[in-house]
Amino acid sequence: METNGIAKDTGMEGDGDLNFLLQGGDLLKVRSQSWKKTRYYKLQEDCKTIWHESKKTFWRKHTFSLDDISTVRLGRQSEGLKKNTEEQVEGRCFSIMFKGRRKNLDLIASSEEEARQWVNSLEKLLTSINNLSRQQKAEHWIYSCLRKADKNKDDKLSESELKDFLHLINVEVDDDYATELFTKCDKSKSGYLSGEEIEHFYELLTHREEIHVIYGEYAKTKGHMSPENLVEFLMKEQREKATLADAHSIIEKFEPDENAKRIKLLSKDGFIMYLHHPETMVLNPDHRDVYQDMSQPLSHYFISSSHNTYLMEDQLKGPSSTQAYIRALLKGCRCVELDCWDGSDDEPVIYHGYTLTSQILFKDVIKVIKEYAFKTSDYPVILSLENHCSVEQQEVMAKHMSTILGSALVTSPLGEGMPSGFPSPEELRGKFLIKGKRLNKLEAMFAPEAAAADDTDVTEEDESDEEEEEEEEKRETKKKLKMAKSLSDMVIYCKSVHFHGFEDARKNLSFYEMSSFKEGKAMALAEESANAYIRHNVEKLSRIYPAGSRTDSSNYSPVPLWNAGCQIVALNFQTNCSDMDVNQGKFMVNGKSGYILKPPYMRDVNTEFDPITLIRGEWLQHKTLHVMVISAQQLPKVNKKKSSIVDPLVRVEVLGVPADAAQKETNAVENNGFNPSWNENFQFDVYVPDLALVRFTVEDHDSTSDNEFIGQYTLPVNSAKMGYRHVPLLNKNGDLLPSAGLFVHIMLLDAK
């Protein structure tokens, strides 16, 4: 049985870094100042899991999957290592950070060289695995299940082991069928399967009848697809402009049979490989990279935004962590929040004030933001400051930002003289903007008299931010905020001000003066004054934040606020929920840049567009979305029911303007998570496709309680490819399920 397919497919077979991980070694695991214990870590032969054990209790063995790793950081970077280790071991430390809410694994190697070797080797392997195709990942998943089922590790499968394997891959079969399958493959009549018999069993298991039928319709040349047959399929079914040259290149790239390739034919295996390729899946490959105009003013974009970014869990007693900023930034978030309070030793801290949430140093957060801000996207990051600090510690904040962020921090308007509007994301690439209070108007920078007058007064009373005001009102205090001039002067394009109505904003506010709205107020405006809100958001920025009652860090739907043109719709990134899934789907396109250009009619101050009333205009492009849910492949078991097989159903949902909101679902397929089949057709009216998203959710049906979430995928309707498409699935953390997916047929046609 194959033991190291990943090594071969990643091209790392025999690689020194891979061999280092396979050999493994002792590392000191750090949990606290008093709990530091030696553990033996090594990569398992499957090249997918890390195995570790205690030497004293060698029978207690544990593994974790490489798929669960978010990033590996060299040095004392985590809160745990900073708190529980001394500075002299800096070079020997490293942390493995996981996806989701799992705690970091903090480790100390025996030397700095060994620590670097672990970090470099893990990063190299993670990069190689991420570059594998979906089909390769699916094959490795099946083979790893085969290995688990092979209890006595003799590279053979007995009939009982075969039944265990079917259970592992989420297929419930009765004993008679399992016996029939086993007998069909046991050509040698030996009572077990080995070698080619296992391969035959694998082929029977992975046979895709639905693709066999599609292929059969177009394979009109000696039972194969000729270039002409392939062009016909691409144009008729996939609605792609394809030429014979395109067909030749597809055959050259995907056909595994050299004989077929030589005579320019595509076999069924080549066809399946082609349909599994990322560029042929449901997301338009042209939209994976930045494809929109990035030279428009900042206010013309929806911006991926986080609320209380520092929190890992709830708003009352959960931990604050720099890791939460890393996760948000790696997901493409472009506006992060920093809740700043006076700390000890004249060092400001970040936490959720007046709660039991833990505290982290402001300077550590700025360092992490600098390190991770532009790994996923090059486009600007807005630091939204909730400032509760004394003037003295505000000056420390300003000093840290200036020192750490350096020239990347925008501290004066771009270009010459006083600007009349926002710069573009393109002009601000690699830059940081500060959102917060400012002592005076930006114009004062260009009026020496006003600036000189301001210089005489280093601090000035000013009203607090909206969120701060909400907290203050709860305690029935009406304190005003004193500001340090050094911090105030860093606020250039995002000055926080109170909102006193659209008319007041139009008459009295400059373009850079922006308001924050609590979700309830914003939702009311979006419903009752949608057109006025859209016009306001053409020239000014609006930030929306969750209600204070959401102490569990739950979220609200961002869709109605996007419909009203609000740019900075801040969500609790630490919470896994459908609203975050939708946010991830919205910002998955345009290179995951965190910026999505609004449609033209939401960038015009005289627009008549109203998502509620939908009067006639260029936004009305009535389409019919046809979706056929055909099948699914290799759905994982749900956590609460690891011992049982799933009964999957698929829900298809359209989100957008109220007239477009709709959802439909398939029947449940009993006891089959491996290759369930539905072949159910749905039809949706879509009136404003520019703002519409389509969401596929797979659940485990339960007649006695709520269905269990299995996976989902959300994308803009205008970014969906037509025809027969595979749909990848993401888990509740928003990470790819390596081998699971849906197979659908999609058409978006003009409504008759």
note = Simple spin-label estimate for residue 355/residue 616, 7 Å along Cα→Cβ, in nm, reads 5.1 nm
ask   = When the accessible area of segment 470-612 is computed with all protein chains present and a 1.4 Å probe, what percentage of it is carbon and sulfur?
value = 48 percent
remark   = Given a 1.4 Å probe, the accessible area of the chain per residue, as a whole number of Å², is 43 Å²
message = Solvent-accessible area of residue 748, probe 1.4 Å, all protein chains present, reported in Å² to the nearest ten, please.
response = 40 Å²
remark   = Using the Cα gyration tensor of segment 645-714, the equivalent ellipsoid's semi-axes, largest first and to the nearest Å, work out to 26, 12, 10
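Please work out how much length the chain gains when fully extended from residue 127 to residue 202, using 0.36 nm per residue of separation minus the C-alpha to C-alpha distance, in nm with one decimal.
In short, 24.2 nm is gained.
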ask   = What is the gain in length, in nm to one decimal, between residue 68 and residue 235 on full extension, counting 0.36 nm per residue of separation less the C-alpha to C-alpha distance?
value = 56.2 nm
request  = Order the peptides 623-634, 204-215 from the highest to the lowest mean number of other Cβ atoms within 10 Å of their residues.
outcome  = 623-634, 204-215
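Do the alpha carbons of any pairs in 495/586; 48/253; 331/399; 331/623; 99/592; 331/521 sit beyond 20 Å of each other, and which pairs?
Among 495/586; 48/253; 331/399; 331/623; 99/592; 331/521, the Cα-Cα distance tops 20 Å for 495/586; 48/253; 331/399; 331/623; 331/521.
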query = What would the Debye formula give as log10 I(q)/I(0) at q = 0.06 Å⁻¹ for the alpha-carbon point model of the chain, no solvent?
reply = -0.42
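Tell me, what % of the accessible area of segment 709-752 is carbon and sulfur with a 1.4 angstrom probe?
Numbers: 730 of 1340 Å².
Carbon-and-sulfur percentage of accessible area, whole number: 54.
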inquiry  = Give the separation of the Cα centroids, segment 490-517 to segment 224-273, in Å.
reply    = 57 Å
task = Give me the distance between the Cα centres of segment 519-544 and segment 364-408, rounded to whole Å.
result = 28 Å
inquiry  = Given axes a ≥ b ≥ c from the Cα gyration tensor, I'd like to know whether segment 534-659 is rounded (a/c under 1.5), prolate (a/b larger than b/c) or oblate.
reply    = oblate
request  = Pop out the carbon and sulfur fraction of the accessible area of segment 263-371 as a percent, whole number, probe 1.4 Å.
outcome  = 49 percent
remark   = Computed from the beta carbon distance with a Förster radius of 25 Å, FRET efficiency for residue 102 and residue 13 to the nearest 0.05 stands at 0.25
request  = For residue 217 paired with residue 38, estimate the spin-label separation in nm (one decimal), with each label point 7 Å from Cα along the Cα-to-Cβ line.
outcome  = 6.5 nm
query = In nanometres, what is the gap between the two model label sites at residue 706 and residue 164, each 7 Å from Cα along Cα-to-Cβ?
reply = 3.5 nm
query = At a Förster radius of 25 Å, what calculated FRET efficiency corresponds to the Cβ-Cβ distance of residue 606 and residue 416, to the nearest 0.05?
reply = 0.25
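The values are calculated or read from the model by the stated rules, or taken from the named source; none is laboratory data. Just so we're clear, the structure is a prediction, and the values are computed from it rather than from any experiment. Ideal geometry is used to build each Cβ from the backbone, glycine not excepted, and the neighbour counts take in all protein chains shown. Heavy atoms of the whole protein, side chains included, go into the accessibility calculation; ligands, DNA and RNA do not. Shrake-Rupley method; radii C 1.70, N 1.55, O 1.52, S 1.80 Å.
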